[in-house]
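J.: Next up is a structure, given as structure tokens.
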Amino acid sequence: MKGGDLLSFYKARHLTIGDYINYTLLIIVSLICIFPFIYVFSMSFTAPEVYVPLKFSLLPAKWSLESYKFILSSNSFINSLNSTLFITVVGTCLNLVFTFTAAYGLSKKAMPGHSLFMKAVVFTLVFNAGILPAYILVKNVGLLNSLWSLIIPGLTNAWSLIVVKSFMESIPPELEESARIDGCNEIGVFFRIIIPLSKASLAAFALFFAVGHWNTYFNAMIYLTDTKKWTLQVLIKSMIIDSGSVGFGGGGDETILPQETIKMAAIILSILPILVVYPFVQKYFAQGVMIGAIKG
Amino acid sequence: MNSKWVKNFSISMSVFMLTGMLSGCNSSKSVSGTNEKDKSNAPLEFKMVAALYSDPPSLSDPFWTEWQKKTNTKLDMEWIPSADFQTKYSLMLNSGNIPEVSAVPDLRSPTLITGIQNGAFWDITGFLGDLSEYPNFKKNLAPDAFKYLSLDKKIYAVPRSRSRMDGGIKIRQDWLDKLNIPAPKTLDEYEAALKKIVSSDLDGNGKKDTIGLLSSSVPTGMFDAAFGALDPYNNAEGGLVETRLTPGYTDMIEWFRKLYSEGLMAKEFASIKDTQAIELFTTGTAASYTRSIWWDYEWEKTLNKTQPGAKLVNLTLQGPKGPAVELNTGVAGGYYISKKVPEEKVKKILKYFDQTASTELNDLGYYGIKDVHYKEVDGAKILTAQGIKEVNVTSKGAGVLAYSKWGKVWSASAPKAYNDAKEKEVGIYDEVGKINLFNNTLISTTWGQTWPKFDDEFTAMQTKAVVGQISMAEFKTYVKKLNDNPDLQKAFKEFAQSYKDFLSK
């Protein structure tokens with residue numbers, strides 16, 4: 001009997017009514033989450049001439065690469081992509097170097113001035129000077145309008161330092177001792193013992209920093225004066241968000257806005273790299289952050 | 001072996017960082033030493049910050065090359081996306097990082113006022129004098145232009161000239177004709193016309209889904225004039241009440257509420273974005289929309305693709321307190337010169353701005369170069385594809401430009417006959433329209449500090465009142481509460497004083 005088979009199958013899987021409700025709810029939630037993506041995706045491939053606002057369709061009424069062609073042929077997009085790639089690649093590498101070396105130092109309680117350094121780090125977690133002092137600092141050290149202004153002020157941060165430090169404290173000291181007996185100095189211990197053992201958190205933090213750099217918006221907007229150096233997010237925001245003074249009454253000027261399909265294509269292009277990389281690094285991501293969390 | 005590794009690592013690290021730093025910075029260095037003997041014809045070099053309204057332009061494109069050649073300047077432009085201009089410009093002002101010239105669109109932003117009061121900019125009253133040295137300023141500026149650029153009776157900037165006539169209440173002429181409705185002359189006739197259009201299925205899709213009055217928020221511009229919201233209104237204490245808190249404004253909200261309840265406005269208008277509104281209108285889903293007049297030609301072209309015969313007309317509607325026509329001041333912001341600039345250079349920069357107010361430079365700003373950016377057909381200049389790309393709002397952002405009465409009425413891509421017809425259609429606006437005193441005119445520091453706290457709430461309340469989520473009585477109570485707020489009352493008093501100063505100038 002078919003019904004009986006099915007029943008025993010479900011019994012074997014131990015699915016209860018609660019499970020069904022859970023699954024249904026989860027499916028609904030995931031559909032809600034994925035919906036905007038599909039909409040943006042399909043709009044970006046819609047031919048501009050057939051696009052009608054406020055008319056919803058899951059698949060383009062007419063497929064076209066027009067919007068992508070327009071964006072990829074514009075110099076500003078390519079310039080911004082270069083800037084963003086530069087700060088993402090160089091910035092992430094430097095973030096990792098500075099975070100991991102500093103965290104290693106902080107994980108050694110015997111280090112002279114340890115508690116002072118620790119207090120200094122925690123201080124920045126609690127107190128923040130604000131935008132204006134940061135801007136003045138960047139200006140006075142001559143980093144205005146340099147892509148380095150998006151990298152150097154944030155080489156590391158207190159939260160990452162503390163998480164990585166806690167993780168490093170969880171590495172058994174015996175491993176380091178045996179390395180020292182074999183003739184390793186501090187640096188050797190760091191590169192030959194600590195780093196290989198920290199691969200999961202390296203991957204997690206690499207992703208973490210990379211996403212941060214990829215999404216750089218506010219700092220890029222205030223520090224960069226040359227439009228050729230703009231990061232992707234600044235360009236995309238200026239393309240997408242309506243300008244402050246629209247129409248009349250503001251007494252002013254109207255922004256010339258690109259069509260909706262072009263904006264959507266720009267969104268897809270800007271999230272694509274992260275979207276592609278994320279699933280592959282995700283397992284390290286959860287793992288890496290957890291490792292630090294357990295030790296606390 | 002280990003120490004060698006460390007050494008190599010640190011050397012390569014520092015080299016890596018150094019090269020990076022150099023490559024990041026080198027472009028910002030400029031050669032400033034000029035030869036003494038050809039100093040007199042050397043182009044005037046200065047740095048200007050301005051708002052960006054389009055794709056970032058390249059200063060080496062044909063338009064900017066010509067602009068700099070004609071004015072004998074070498075401009076160093078820093079563009080800030082218009083939506084972020086306030087944020088970034090405040091940081092620049094507050095950190096003392098003020099470029100030689102600032103093109104500020106909002107004359108009454110609190111940071112700018114504070115900057116002026118703290119002496120960040122040159123008082124140019126003395127330089128301008130009786131304008132005898134500045135012929136173009138003398139003849140080519142909007143009426144009262146320098147009044148708008150003054151603070152405490154001193155002039156601090158030269159204007160960004162823009163047309164006073166700008167917005168128009170557009171309606172589909174072809175639809176009116178189809179239904180035999182004469183062009184509406186009053187708000188009541190307008191309402192009746194919208195009703196008739198909405199109840200007939202004009203796009204023939206079998207559904208009565210045409211939007212009457214399309215907007216992306218409560219469409220207050222233009223209509224406010226018809227309800228007297230732009231007329232100076234004093235409260236009991238002698239303060240001058242801001243437009244949005246006047247009884248006229250509340251009457252207007254009540255009128256919109258009626259339109260909404262009759263189904264004459266888009267159901268979800270509060271969530272429509274500006275770009276979507278334009279697209280809805282140009283795809284023929286709405287009867288009426290309020291926007292700059294000069295769009296008509298291009299929008300008709302787009303409309304005709306899907307609805308042949310589409311035609312737009314701008315209405316002059318009589319309301320209970322006058323015609324529904326709002327004008328701009330004619331001064332859309334100004335160019336401020338940093339106090340750090342030496343006096344000699346200030347004079348040169350002012351000369352540059354005077355030159356940009358000439359008709360020659362004005363034509364360049366509006367149309368670009370002949371046969372590159374525009375072609376002359378039957379005496380009218382019509383922009384080419386390159387013209388549309390390079391000659392836009394951003395390209396008008398570095399000069400004063402001559403005040404042009406029809407600047408926002410003419411379409412740069414339309415034939416002469418079309419623009420002539422538009423002149424006839426809206427010519428009356430300049431005579432009957434009203435200026436919003438609180439838009440780039442009167443100053444109150446208290447208002448600048450207080451109103452941001454209420455702005456979002458007010459917008460939400462007026463939307464709720466229009467869609468019927470709250471009663472008119474509730475909205476009126478809310479407006480009264482704001483009117484009774486001591487800080488806002490102080491602001492009204494400051495506005496009254498500012499108005500007095502403005503009239504006496």
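J.: Do we have any residue at all in segment B:315-337 that's charged (D, E, K, R) and free of Cβ contacts under 8 Å to residues at least 60 places away in the same chain?
T.: As a first pass, look at segment B:315-337 and keep what is charged (D, E, K, R): B:321, B:326.
So of that shortlist, the ones also free of Cβ contacts under 8 Å to residues at least 60 places away in the same chain come out as none.
Among the residues of segment B:315-337, not one is charged (D, E, K, R) and free of Cβ contacts under 8 Å to residues at least 60 places away in the same chain, which makes the answer no.
J.: Among the numbered conditions (1) within 14 Å of another protein chain (Cβ to nearest Cβ); (2) at pLDDT 90 or above; (3) touching a Phe, Trp or Tyr at 6+ places or on another chain (Cβ under 9 Å), tell me where A:Glu186 comes up short.
T.: (2)
J.: Regarding A:Leu224, is this residue at pLDDT 85 or above, closer than 22 Å to A:Ser76 by Cβ, among the aliphatic types (A, V, I, L, M) and buried (at least 21 other Cβ atoms within 10 Å of the Cβ)?
T.: yes
J.: A follow-up question, please. Let me confirm something: among B:Glu237, B:Glu262, B:Glu242, which residue is away from every other protein chain (no Cβ under 14 Å), out of contact with any Cys (no Cβ under 8 Å at 6 or more places or on another chain), over 30 Å from A:Glu260 (Cβ atoms) and among the acidic types (Asp, Glu)?
T.: Every option except B:Glu237 fails the conditions.
J.: Considering only residues that are of a type in the set (S, T, N, Q), in a loop (DSSP other than H, G, I, E, B) and touching a helix residue (DSSP H, G or I) at 6+ places or on another chain (Cβ under 6 Å), which ones fall in segment A:96-153?
T.: A:Asn145, A:Ser146
J.: Of (1) exposed (fewer than 10 other Cβ atoms within 10 Å of the Cβ); (2) at pLDDT 85 or above; (3) assigned by TED's automatic domain parsing to the domain that holds A:Thr231, A:Asn79 satisfies all except one. Which?
T.: If we test A:Asn79 against (1) exposed (fewer than 10 other Cβ atoms within 10 Å of the Cβ); (2) at pLDDT 85 or above; (3) assigned by TED's automatic domain parsing to the domain that holds A:Thr231, just (1) comes out false.
Quick grid of which residues meet (1) under 23 Å from B:Pro105 (Cβ atoms); (2) of a type in the set (Asp, Glu); (3) within 14 Å of chain A (Cβ to nearest Cβ); (4) out of contact with any Phe, Trp or Tyr (no Cβ under 8 Å at 6 or more places or on another chain):
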position: B:Pro135; (1), (2), (3), (4): no, no, no, yes
position: B:Lys139; (1), (2), (3), (4): no, no, no, yes
position: B:Asp152; (1), (2), (3), (4): yes, yes, no, yes
position: B:Gln173; (1), (2), (3), (4): no, no, no, yes
position: B:Leu187; (1), (2), (3), (4): no, no, no, no
position: B:Ala193; (1), (2), (3), (4): no, no, no, yes
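J.: Still on this structure, I have one more. Hey, can you tell me all the residues within segment B:148-172 that are surrounded by 17 or more Cβ atoms within 10 Å (Cβ to Cβ) and outside any strand (DSSP E or B)?
T.: Matches in segment B:148-172: B:Tyr148, B:Leu149, B:Tyr156, B:Arg162, B:Ser163, B:Arg164, B:Met165, B:Asp166.
J.: Given the conditions (1) within 30 Å of B:Gly368 (Cβ to Cβ); (2) within 22 Å of the chain's Cα centre (by Cα), which single one is not true for B:Ile116?
T.: Among (1) within 30 Å of B:Gly368 (Cβ to Cβ); (2) within 22 Å of the chain's Cα centre (by Cα), B:Ile116 violates only (1).
J.: Name every residue in segment A:185-221 that is within 30 Å of A:Leu132 (Cβ to Cβ), surrounded by fewer than 21 Cβ atoms within 10 Å (Cβ to Cβ) and of a type outside the set (A, V, I, L, M, F, W, C), in order of residue number.
T.: A:Gly212, A:Asn215, A:Tyr217, A:Asn219
J.: Can I ask one more? Does segment B:65-107 hold any residues that are assigned to a loop (DSSP other than H, G, I, E, B) and surrounded by fewer than 21 Cβ atoms within 10 Å (Cβ to Cβ), and which are they?
T.: Looking only at segment B:65-107, we keep the residues that are assigned to a loop (DSSP other than H, G, I, E, B), and these are B:72, B:95-100, B:105-107.
Matches in segment B:65-107: B:Asn72, B:Ser95, B:Gly96, B:Asn97, B:Glu100.
J.: Still on this model: Would you mind listing the helices (runs of 4 or more DSSP H) fully within segment B:419-505 where at least 1 residues are at pLDDT 95 or above, at positive phi and among the charged types (D, E, K, R)?
T.: none
J.: Within segment B:407-418, work out how many residues are in a loop (DSSP other than H, G, I, E, B) and either assigned by TED's automatic domain parsing to the domain that holds B:Leu364 or of a type in the set (D, E, K, R) (or both).
T.: Within segment B:407-418, residues that are in a loop (DSSP other than H, G, I, E, B) and either assigned by TED's automatic domain parsing to the domain that holds B:Leu364 or of a type in the set (D, E, K, R) (or both) number 1.
J.: Of the residues A:Ser115, A:Ser107, only one is closer than 30 Å to A:Pro173 by Cα, exposed (fewer than 14 other Cβ atoms within 10 Å of the Cβ) and either polar (S, T, N, Q) or in contact with a His (Cβ under 6 Å, 6 or more places away or on another chain) (or both); which?
T.: Result of the check over A:Ser115, A:Ser107: A:Ser115.
J.: If you don't mind, another one. Anything in segment B:232-250 that is among the aliphatic types (A, V, I, L, M) and within 11 Å of B:Val479 (Cβ to Cβ)? List them, or say none.
T.: The answer is B:Val241, B:Leu245.
J.: Taking only segment B:265-305 into account, find how many residues are among the acidic types (Asp, Glu) and more than 10 Å from every other protein chain (Cβ to nearest Cβ).
T.: Qualifying residue count, segment B:265-305: 3.
J.: Sticking with this one: Scan segment B:261-270 for residues that are hydroxyl-bearing (Ser, Thr, Tyr) and within 28 Å of the chain's Cα centre (by Cα) and report the count.
T.: So the count comes out to 0.
J.: Give me a count of the residues in segment A:127-151 that are surrounded by 21 or more Cβ atoms within 10 Å (Cβ to Cβ), polar (S, T, N, Q) and more than 8 Å from chain B (Cβ to nearest Cβ).
T.: So the answer is 1.
J.: Could you list, in sequence order, the residues of segment B:354-400 that are within 14 Å of chain A (Cβ to nearest Cβ), free of Cβ contacts under 8 Å to residues at least 40 places away in the same chain and β-branched (Val, Ile, Thr)?
T.: Answer for segment B:354-400, where residues must be within 14 Å of chain A (Cβ to nearest Cβ), free of Cβ contacts under 8 Å to residues at least 40 places away in the same chain and β-branched (Val, Ile, Thr): just B:Ile388.
J.: Taking the condition of being surrounded by 15 or more Cβ atoms within 10 Å (Cβ to Cβ) and either in contact with a His (Cβ under 9 Å, 6 or more places away or on another chain) or part of a loop (DSSP other than H, G, I, E, B) (or both), how many residues in segment B:181-202 meet it?
T.: The total comes to 4.
Residue-by-condition table, conditions (1) within 24 Å of B:Ser82 (Cα to Cα); (2) touching a residue at least 12 places away in the same chain (Cβ under 8 Å):
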| residue | (1), (2) |
| --- | --- |
| B:Ile113 | yes, yes |
| B:Ile116 | yes, yes |
| B:Gly126 | no, no |
| B:Ser150 | yes, yes |
| B:Lys153 | no, yes |
| B:Gly167 | yes, yes |
| B:Lys170 | no, yes |
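J.: Then there's this: Kindly indicate whether any position in segment A:218-226 is more than 28 Å from B:Pro57 (Cα to Cα) and without any contact (Cβ under 8 Å) to a residue 12 or more places away in the chain. Even if it seems obvious, please write down each step before you answer.
T.: As a first pass, look at segment A:218-226 and keep what is more than 28 Å from B:Pro57 (Cα to Cα): none.
Scanning segment A:218-226 turns up no residue that is more than 28 Å from B:Pro57 (Cα to Cα) and without any contact (Cβ under 8 Å) to a residue 12 or more places away in the chain.
J.: Considering only residues that are surrounded by 17 or more Cβ atoms within 10 Å (Cβ to Cβ) and away from chain B (no Cβ under 14 Å), look in segment A:42-65 and name the one that is nearest to A:Ile151 (Cα to Cα).
T.: A:Ser44
J.: Looking only at segment B:373-404, count every residue that is assigned to a loop (DSSP other than H, G, I, E, B) and crowded, with 16+ Cβ neighbours inside 10 Å and tell me the total. First the steps, then the outcome.
T.: Applying the first criterion (assigned to a loop (DSSP other than H, G, I, E, B)) to segment B:373-404 yields B:373, B:378-379, B:384, B:391-393, B:397-404.
If we keep only those that are crowded, with 16+ Cβ neighbours inside 10 Å as well, we get B:373, B:384, B:391-393, B:397-404.
Here the count works out to 13.
J.: Every residue in segment A:106-127 that is of a type in the set (Gly, Ala, Ser) and farther than 22 Å from A:Ile194 by Cβ, please. Quick ask: steps written out before the conclusion?
T.: Just the residues of segment A:106-127 that are of a type in the set (Gly, Ala, Ser), to begin with: A:107, A:110, A:113, A:115, A:120.
A:Ala120 - this is the single residue of segment A:106-127 that is of a type in the set (Gly, Ala, Ser) and farther than 22 Å from A:Ile194 by Cβ.
J.: So which residues in segment A:154-183 are in contact with a helix residue (DSSP H, G or I) (Cβ under 9 Å, 6 or more places away or on another chain), under 15 Å from A:Ser107 (Cα atoms) and assigned to a loop (DSSP other than H, G, I, E, B), if there are any at all?
T.: Residues satisfying the conditions are A:Ser170, A:Ile171.
J.: Take B:Val391 and tell me if it is farther than 27 Å from B:Ala324 by Cα and not assigned by TED's automatic domain parsing to the domain that holds B:Phe137.
T.: Working: farther than 27 Å from B:Ala324 by Cα: yes; not assigned by TED's automatic domain parsing to the domain that holds B:Phe137: no.
So B:Val391 does not fit the description; no.
The values are calculated or read from the model by the stated rules, or taken from the named source; none is laboratory data. As the structure is a computational prediction, the values presented were derived from the model and not from experiment. FYI the Cβ positions are ideal-geometry reconstructions off the backbone, even for glycines, and counts take in every protein chain you see.
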